Amino acid sequence: MEKVEKIWLDEKLVDWNKANVHLLTHSLHYGSGVFEGIRVYNTKNDPCVFRLKEHIDRLFYSASVMAIKIPFSKTDIKKAILKTIKINKVKECYVRPIVFLGYGKMGLNPIDAPVSVAIAVWPWGTYLDKEIVKIKISKYIRLHPKSTVTDAKICGSYSNSILASIDAIKNGFDEALLLDYQGYVAEGPGENIFIVKNNKLLTPTLGTILGGITRKSIIQIAKDQDIEVIEKNITVEELKLADEVFFSGTAIEICAIGKIDKTIINKEKIGDITKKLKRIYTQAIHGEIKKYSKWLTPIFPNK
Ligand code: PMP
């Protein structure tokens with residue numbers, strides 16, 4: 001992992017190597033924290049954060065789900081994120097805000113535990129760093145929507161994603177795909193999924209999955225290209241008979257899927273619609289499309 005100089009921790013900028021917590025930090029034991037994953041991209045007008053407002057809104061939503069009261073306003077967090085990026089002089093990076101319950105209270109009742117917020121940034125290339133990936137339908141199912149709140153980014157929920165990732169990687173695949181409790185296609189450990197069939201774009205409905213911000217952006221881009229978008233329950237059979245399949249997510253961006261278990265998709269080549277959406281998305285995040293410039297928050301707004 002590439003280090004930078006400073007991490008923002010409860011209003012202080014601390015040295016990367018000194019950004020530590022006590023071993024009895026509540027969230028370390030019980031996964032009671034919530035977090036975000038955001039990206040910064042270089043554009044011709046300097047670095048910009050992609051869809052910062054949506055990420056901050058989701059962070060506060062996730063915290064509210066866990067009954068955590070963030071001791072900062074959304075504006076404070078926005079300023080802190082921009083400051084952390086600026087101070088570390090990074091141009092393209094990943095941003096990881098985490099809200100966690102600290103030291104002082106143990107046990108599963110988290111009420112009155114101290115709340116901390118940290119923001120780390122570091123250069124991080126595309127998650128899987130492959131043009132096309134092989135995925136395994138996981139032996140684990142996505143968490144049941146009545147077992148947790150599936151559209152919140154709760155640290156503890158990621159044990160489900162980690163188990164699925166280990167299972168996929170140990171079996172020689174690049175990534176996992178989890179089905180939901182009804183057997184429909186849900187999502188990857190940290191990605192949403194899309195399929196293309198007869199030039200239409202299909203993606204699982206919200207309900208058991210995380211409402212990805214990249215997913216939302218891709219849906220918008222596709223609609224703007226007059227590609228019909230259908231949000232519905234997708235069966236494994238439909239998935240395997242798809243013309244094209246791809247993942248979307250902040251970390252992975254847009255990544256074509258060439259093989260699902262033993263089934264080859266589109267001759268293991270990136271399909272035309274995936275290619276087109278990926279191209280437009282890449283232009284959008286780099287500030288090359290005026291219509292989507294509202295998705296970008298400049299790090300140096302007054303320059
Ligand atoms: N699903 C899960 C489970 C995730 O963790 C992520 C990453 N945040 C996504 C989907 C994709 O969401 P986004 O596009 O907002 O990064």
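In the chain, carbon and sulfur make up what percent of the accessible area (probe 1.4 Å)? Don't skip to the end; give the middle numbers.
Numbers: 7710 of 14750 Å².
That fraction is 52 percent.
Just to confirm, what accessible area per residue do you get for the chain at 1.4 Å probe, in whole Å²?
Value returned for the chain: 49 Å² of accessible area per residue.
Given charges of +1 on the Cβ of Lys and Arg and -1 on the Cβ of Asp and Glu, with all other atoms neutral, how large is the dipole of the stretch 6-122 about its Cα centre, in debye to the nearest 20? Write out the running numbers ahead of the final one.
Working: 18 positive and 10 negative charges, 85 e Å.
So the dipole magnitude of the stretch 6-122 works out to roughly 400 debye.
With +1 assigned to the C-beta of every Lys and Arg and -1 to the C-beta of every Asp and Glu, and no other charges, what is the dipole magnitude of the chain about the Cα centre in debye, to the nearest 20? Walk me through the numbers on the way to the answer.
Values: 46 positive and 34 negative charges, 131 e Å.
The calculation lands at about 620 debye.
Taking a ≥ b ≥ c as the square roots of the eigenvalues of the Cα gyration tensor of the stretch 145-190, is the shape rounded (a/c under 1.5), prolate (a/b larger than b/c) or oblate?
Oblate.
Give me the distance between the Cα centres of the stretch 183-222 and the stretch 17-56, rounded to whole Å.
One Cα centre to the other: 23 Å.
Cβ under 10 Å from Trp122's Cβ, Trp122 left aside: what net charge do those residues give with Lys, Arg +1 and Asp, Glu -1?
Charge balance near Trp122 sits at +1.
Could you report the accessible area of Glu238 in Å², rounded to 10, computed with a 1.4 Å probe on the protein chains as they sit in the structure?
Rounded to the nearest 10, that gives 60 Å².
Tell me, what ³J(HN,Hα) does each residue in the stretch 238-250 have, in order and in whole Hz, if you take phi through Karplus 6.51 cos²θ - 1.76 cosθ + 1.60 with θ = phi - 60° and put x for Gly and Pro?
So the J values, rounded to whole Hz, are 4, 4, 6, 9, 5, 6, 8, 9, 8, 9, 9, x, 4.
Cα gyration tensor of the chain, axes a ≥ b ≥ c as square roots of the eigenvalues: rounded (a/c below 1.5), prolate (a/b > b/c) or oblate?
Oblate, since a/c reaches 1.5 and b/c is not below a/b.
Using Cα-Cα distances under 8 Å and only pairs 6 or more residues apart, what relative contact order does the chain have, in percent?
20 percent.
Report the label-to-label distance for Glu237 and Asp224 in nanometres (one decimal), using points 7 Å from each Cα along the Cα→Cβ vector.
Distance between the two pseudo-spin positions: 3.7 nm.
What are the residues whose amide H is under 5 Å from the amide H of Ala176, where those residues sit 5 or more places off or on another chain and H is modelled from the backbone?
Under 5 Å from the amide H of Ala176 lie the amide H atoms of Lys136, each far enough along the sequence or on another chain.
Please list, ordered by chain and number, the residues whose modelled amide H lies under 5 Å from the amide H of Ala120; skip anything fewer than 5 residues away on the same chain.
Answer set, sorted by chain and number: Arg96, Ile98.
Could you please put Cys155, Cys93 in sequence from largest to smallest accessible area, using a 1.4 Å probe?
Solvent-accessible surface, decreasing: Cys155, Cys93.
Angle check, please: helix 158-170 long axis (alpha carbons) against the longest principal axis of the chain (alpha carbons), in degrees 0 to 90, nearest 10.
50 degrees
Could you sort 247-257, 174-184 so that the peptide with the highest average Cβ count within 10 Å comes first and the rest follow in order?
Ranking, from highest mean packing down: 247-257, 174-184.
What pairs in Lys12/Lys53; Lys83/Lys275; Lys79/Lys223 have C-alpha atoms more than 29 Å from each other?
Distance filter (> 29 Å) returns Lys83/Lys275; Lys79/Lys223.
Past 28 Å, Cα to Cα, is the threshold; run Lys130/Lys262; Lys78/Lys276; Lys74/Lys291; Lys170/Lys259; Lys78/Lys170 against it and keep the listed order. Each step should come with its number before you reach the end.
Details: Lys130/Lys262 19 Å; Lys78/Lys276 32 Å; Lys74/Lys291 25 Å; Lys170/Lys259 16 Å; Lys78/Lys170 39 Å.
Long pairs (Cα-Cα over 28 Å): Lys78/Lys276; Lys78/Lys170.
Among the trypsin sites (Lys or Arg not before Pro) within the stretch 140-200, which fall in a DSSP loop and have no more than 12 other Cβ atoms within 10 Å of their own Cβ?
Lys146
Identify the trypsin sites (Lys or Arg not before Pro) of the stretch 23-108 meeting these criteria: DSSP loop state and at most 12 other C-beta atoms within 10 Å of the C-beta.
Of the trypsin sites (Lys or Arg not before Pro), the ones in loops of the stretch 23-108 whose Cβ has at most 12 other Cβ atoms within 10 Å are Lys44, Lys69, Lys89.
Could you tell me whether the stretch 6-122 comes out rounded, prolate or oblate from its Cα gyration tensor? Rule is a ≥ b ≥ c as square roots of the eigenvalues, rounded for a/c under 1.5, then prolate if a/b exceeds b/c, otherwise oblate. Numbers along the way, then the final one.
Values: a/c = 2.51, a/b = 1.67, b/c = 1.51.
Prolate, since a/c reaches 1.5 and a/b exceeds b/c.
Give the residue from Trp295, Thr43, Ile273 lying farthest towards the positive end of the charge dipole for the chain; charges sit on Cβ (+1 for Lys and Arg, -1 for Asp and Glu) and the dipole is referred to the Cα centre.
Of the candidates, Thr43 comes out farthest on the positive side.
The values are calculated or read from the model by the stated rules, or taken from the named source; none is laboratory data. Small disclaimer: the values here were computed from a predicted structure and weren't measured. Note that we place each Cβ from the backbone using ideal geometry, even for glycine, and neighbour counts take in every protein chain shown. Note: areas computed on protein heavy atoms with side chains; ligands, DNA, RNA excluded. Shrake-Rupley method; radii C 1.70, N 1.55, O 1.52, S 1.80 Å.
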